[in-house]
Amino acid sequence: MKASRRIIHIDMDCFYAAVEMHERPELIDKPLAVGGASGRGVLTTCNYPARKYGIRSAMPVFQAKQLCPQLIILPVRSELYRATSRQVRAIFARYTELIEPLSLDEAYLDVSHLKKPGAEIAREIREAIANETGLTASAGIGPNKLVAKIASDWNKPDGQCLVAPSRVDDFMRTLPVRKIWGVGPKSAARMAEHRIETCADLQAKDRTWLAREFGSFGLELYELCRGIDERPVQPNRIRKSLSNERTFSENLESLEDCHGILIQQHSELMEDLRQSAPDRRIAKLLVKLKFSDFRRTTAEMPGQQPELKKYHQLLKEAWGRSGEPVRLLGLGVRFAESENTLEQMELGL
């Protein structure tokens, strides 16, 4: 672990719903969700009054309505959320150029080069967000991305948590295994069969046992349960590919649920392409899934137009390889390596 790093993970609180409530203050105390308005749609997010009824993101609309008949469901307004997200990212940029956005509502910041303590910087950023957007954000501060992201969920909403390098071992040992990225209900149940409830229990298992029980993910678990994460914060730049992905706190149980989320992510991908890579030529389209049993798969096709119907085809192909509930859904594009390469592709050479 590189203890010299100071990473902040900023996570906006119920972002889409919060933006809508800021626009319409009369909805603040009412159960509110944003997402598909039809009975076959899914929710993108919901506010805290709605969560008291057991409503959560990625939940089918019909199920949410059963739990809370008076639930107010508003359509997704991507442009409004993106405008607010740009305001928030402008605040980040006052402190560091090392910003890695994960989505519209969360990002990693590397502030290792600044003299101020990380907790103080996080507090200033959160105050600026509140003053300039009227929204609240939570923050985690740690020596790496893994610890910072877990910590940002510790004092939600509108709070922050600092995990100093000297506290990482103690912090991870008492952590429930469900807090580790990638560990969902089914994997947690499998661990419980072996009396594994906390990261300390997981740390007692060697690499061989973990690989036998969980495949390649078991080797990742060996480091994750110890708070080890050497990934650097990677700022936005011209890349060989552009994609977005979402990990769900509750698995997507059906292909139909995945299609509902795919529509929302496709809209975000198209906006990202317009903003960050308007002149890049596309060579391939891709959809990535991570299933509840830890298996991962990526479906790709050649193509220069990232049309929604093509992503639906790729999703169906990827889903058909397993049929298990989905933990993570991602979609993106791969750019042509060079103009010469693209010309050859077009000419069929």
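Coordinate-derived values only; no laboratory data. The structure displayed is predicted, hence computed values, not measured ones. Please note: Cβ atoms are built from the backbone with ideal geometry, for glycine as well, and neighbour counts cover all protein chains shown.
Between residue 189 and residue 97, what's the calculated FRET efficiency when r is the beta-carbon distance and R0 is 41 Å? Round to 0.05.
Values: r = 43 Å, r/R0 = 1.04.
Efficiency, from the Cβ-Cβ distance: 0.45.
Relative to the present Cα-Cα distance, how much length would full extension add between residue 51 and residue 297 at 0.36 nm per residue of separation?
Difference between extended and current length: 85.4 nm.
Roughly how far apart, in whole Å, are the Cα centres of region 172-251 and region 1-80?
Using only Cα atoms to place each centre, the spacing works out to 26 Å.
Rank these for me by crowding, 85, 254, 4, going from fewest to most other beta carbons within 10 Å.
By the 10 Å Cβ count, ascending: 4, 254, 85.
Based on the Cα coordinates of the chain, what is the per residue volume of their convex hull in Å³?
It is 151 Å³ per residue.
Over region 174-236, what is the mean sequence separation of C-alpha contacts under 8 Å (at least six apart), divided by residue count, expressed as relative contact order in percent?
Worked out over region 174-236, it gives 28 percent.
Check each of the GluC sites (Glu not before Pro) in region 192-276 and keep only those in coil by DSSP with at most 12 other C-beta atoms within 10 angstrom; list them in order.
The qualifying sites are 230.
No partner Cβ under 4.7 angstrom, meaning no disulfide-compatible partner by this rule: which Cys of the chain qualify?
For the chain, the answer is 14, 46, 68, 161, 258, because their Cβ atoms have no other cysteine Cβ under 4.7 Å.
Over all pairs of distinct alpha carbons, what does the Kirkwood formula give as the hydrodynamic radius of region 274-328, in Å?
Numbers: mean 1/r = 0.0819 Å⁻¹.
After inverting the mean inverse Cα-Cα distance, the result is 12.2 Å.
Mean projection of the alpha-carbon convex hull of region 241-347 over all orientations, in nm²?
Mean projected area for region 241-347: 6.8 nm², to one decimal.
Based on DSSP H runs of at least 4 residues, each adding -39500 (n - 2.57), what is the mean residue ellipticity at 222 nm of the chain after dividing by all its residues, to the nearest 500 deg cm²/dmol?
Estimated from H runs of four or more residues: -12000 deg cm²/dmol.
Sort 97, 26 so that the residue with the fewest other Cβ atoms within 10 Å of its own Cβ comes first and the one with the most comes last.
Least to most surrounded, the residues fall as 26, 97.
Take residue 270 and residue 211, extend 7 Å from each Cα along the Cα→Cβ direction, and tell me the distance between the two endpoints in nm.
The answer from the label model is 4.5 nm.
Of the cross-linked pairs 30/145; 52/179; 179/309, which ones have a Cα-Cα span greater than 28 Å in the structure shown? Intermediate results must be reported in sequence, preceding the final value.
On the way: 30/145 34 Å; 52/179 21 Å; 179/309 35 Å.
Violating the 28 Å limit, Cα to Cα: 30/145; 179/309.
Would you list, by chain and number, the aspartates and glutamates whose Cα falls below 17 Å from the Cα of residue 288, excluding same-chain residues fewer than 8 positions away?
245, 253, 256, 257, 268, 300, 307, 317, 324
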